[in-house]
1. Collect the residues in the range 125-158 that are among the acidic types (Asp, Glu), farther than 21 Å from Leu179 by Cβ and either within 13 Å of the ligand (Cβ to nearest atom) or not in a loop (DSSP other than H, G, I, E, B) (or both), keeping them in residue-number order.
2. Yes or no: the range 98-106 includes at least one residue that is surrounded by fewer than 23 Cβ atoms within 10 Å (Cβ to Cβ), in contact with a Leu (Cβ under 6 Å, 6 or more places away or on another chain) and outside any loop (DSSP other than H, G, I, E, B).
3. Which condition number does Asp53 fail, the rest of (1) under 26 Å from Leu214 (Cα atoms); (2) more than 16 Å from the ligand (Cβ to nearest atom); (3) touching a residue at least 12 places away in the same chain (Cβ under 8 Å) being met?
4. List every residue pair whose Cβ atoms sit under 6 Å apart, with the two residues 6 or more apart in sequence or on different chains, where the first one lies in the range 170-186 and is under 30 Å from Thr119 (Cα atoms) and without any contact (Cβ under 8 Å) to a residue 12 or more places away in the chain and the second, anywhere, is away from the ligand (no atom under 15 Å from the Cβ) and of a type in the set (Val, Ile, Thr).
5. Just to be sure before I move on: is Ala244 without any contact (Cβ under 8 Å) to a residue 60 or more places away in the chain and within 24 Å of Leu179 (Cβ to Cβ) in the structure I sent?
6. Assuming Gly225 fulfils every condition listed in (1) within 24 Å of Ala68 (Cβ to Cβ); (2) over 18 Å from the mean Cα position of the chain (by Cα); (3) part of a loop (DSSP other than H, G, I, E, B) apart from one, which condition is it?
7. For the range 138-166, give me each residue that is of a type in the set (D, E, K, R) and in contact (Cβ under 8 Å) with a residue 40 or more places away in the chain.
8. Just to be sure, is Glu122 away from the ligand (no atom under 11 Å from the Cβ) and in a helix (DSSP H, G or I)?
Amino acid sequence: MKGWLPRRTLPVLMYHRIGPCPGGDRQLWVSEETFARHLRWIRDRGLRALSLDEAYECFRSGTPDKKAVLITFDDAFAETLDTAAPWLQKLGMRSTVFVPAGLLGQTVALSSEAGTHATASEGRIVDDQGLRRWVEAGQEVGSHSLTHQDLTTASFETASSEAARSKQLLEEVLDRPVLDFCYPFAHHNAAARRAVSEAGYRSAYAGEPPTEDLFALPRMMVFPGDTEQRYARKLSGYYYWISAWHGRVSQGGPR
Ligand SMILES: [Zn+2]
């Protein structure tokens, strides 16, 4: 019977940008007001925002904490960290940012999908100092590769280098181990998972559907238009299954 029952997974929320959307893909932006409301929804449900160590332990042991959530940000745009950190601190919550380590301090235009030139997200990535401030504020850091390229279309050698060099760079900047990875565009395959594993990480975050592979951990994108009801479903640990039943698994992919 086990295979028939949907398994609860630790809810992992994926944000990209916090603030007013100046252009590009509007689905990537959640306003500061909405973000603060989301954090209050988490608090009001009595959920604890986990550290990466705690989240890893949930996935490793296969026993997700019923009163917990992992909050993550992709891409590490400076304004997003500056806006999010005070709210997280105010509510005593932890979160994790996944950083494209080779782009620290640079102004970039990230495409909407690997291999396309449509700009979805422009801005300045946090610099070394800003990232250290983020950690001093009690927040956490994982790697989002070196240059934000799709590891499934890169050579194995390049994927390995993206994984290993980003880890090394972030550890130099932060003077602490960086053990968790997040695939650019959430794209992964067997070679990408092996490259990340061999680079010395303990886990890698992706998107849906949920798997039990520590190098393909599930995450759900948060959208600016999420209602309280839909957000609550995302916090339930059964979002993928509920969405599948409704035939509405989100098509909006991560970046
Ligand atoms: Zn990204």
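The values are calculated or read from the model by the stated rules, or taken from the named source; none is laboratory data. Quantities reported herein were computed from a predicted structural model and do not represent experimental measurements. When we count neighbours, we look across all protein chains shown, and the Cβ atoms used for this are built from the backbone with ideal geometry, even at glycine.
1. Asp150, Glu157
2. Yes: the range 98-106 contains one or more residues that are surrounded by fewer than 23 Cβ atoms within 10 Å (Cβ to Cβ), in contact with a Leu (Cβ under 6 Å, 6 or more places away or on another chain) and outside any loop (DSSP other than H, G, I, E, B).
3. Among (1) under 26 Å from Leu214 (Cα atoms); (2) more than 16 Å from the ligand (Cβ to nearest atom); (3) touching a residue at least 12 places away in the same chain (Cβ under 8 Å), the lone unmet condition for Asp53 is (3).
4. Here the result reads Glu171/Val178, each pair linking the range 170-186 to a residue that is away from the ligand (no atom under 15 Å from the Cβ) and of a type in the set (Val, Ile, Thr).
5. Answer is no for this residue.
6. The one condition Gly225 does not meet is (1).
7. Within the range 138-166, Glu140, Arg165 qualify.
8. no
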